[in-house]
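Scroll down for the structure; my scribbles are underneath it.
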């Protein structure tokens, strides 16, 4: 699914040049659960932006399902982000005055999906993310942090994307609640074969994935398989 070939990313600010990625290469197969781990400033966030078609490499190639992302125009990139990739962020990014069900339905509304199909798809995604039906008509301020993040996961699932990108999804959660969210990702990978790429700076979080790519100073320094939890 993902093929990263000698990808570099260089930023320029006046006369200053900073190379965030320095020739990173790896591939991720369909159905893998991979964590990209590294400290702050390691380049993992830059790499996530490239994988999510939010940015393009300075050099090298990034192929998603065989398509070179850097060769696509803005409309094609937007279509990939809308249909092929589901994003889960640390900050949740839910609308506070909107119910759980409507929050998950929003991407389908923007995509022109008929209302009856929107609700069916949203309910299916919420159940897959581990949400109870009794919470579907609650607002986000009536939910716990773990429940809010599971709603965010459901929203990422609702368009049935090939890839889920999760950026520090437990960063705003306590340890116990974070474990519940990580367990949700594991179940989605195990039962639905979802391809999941998890960005984190915490080794304990990365250990929930089946494979860990370690990034440091813009370089891939380690690619390891984890023990099953």
When segment 70-102 is checked residue by residue, the ones that are more than 19 Å from residue 218 (Cβ to Cβ), free of Cβ contacts under 8 Å to residues at least 60 places away in the same chain and in a helix (DSSP H, G or I) are 71, 74, 75, 76, 77, 78, 79, 80, 81, 100, 101, 102
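Here's the yes/no breakdown for (1) assigned to a helix (DSSP H, G or I); (2) at pLDDT 95 or above:
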| site | (1), (2) |
| --- | --- |
| 106 | yes, no |
| 116 | yes, no |
| 121 | yes, yes |
| 130 | no, no |
| 141 | yes, no |
| 148 | yes, no |
Can you work out which of the residues in segment 12-31 that are under 23 Å from residue 182 (Cα atoms) and out of contact with any helix residue (DSSP H, G or I) (no Cβ under 8 Å at 6 or more places or on another chain) is surrounded by the most Cβ atoms within 10 Å (Cβ to Cβ)?
28
For residue 9, are the conditions met, namely being farther than 18 Å from residue 211 by Cβ, modelled with pLDDT of 95 or more and buried (at least 22 other Cβ atoms within 10 Å of the Cβ)?
yes
Scan segment 41-60 and tell me whether some residue there is free of Cβ contacts under 8 Å to residues at least 40 places away in the same chain and in a strand (DSSP E or B).
no
Within segment 140-151, the count of residues that are buried (at least 24 other Cβ atoms within 10 Å of the Cβ) and farther than 11 Å from residue 126 by Cβ comes to 1
Answer yes or no as to whether residue 80 is surrounded by 16 or more Cβ atoms within 10 Å (Cβ to Cβ) and modelled with pLDDT of 95 or more.
no
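The values are calculated or read from the model by the stated rules, or taken from the named source; none is laboratory data. Bear in mind the structure is a predicted one, so any value in this text is a computation, not a measurement. No Cβ is skipped: glycine too gets one built from the backbone with ideal geometry, and neighbour counts run over all protein chains shown.
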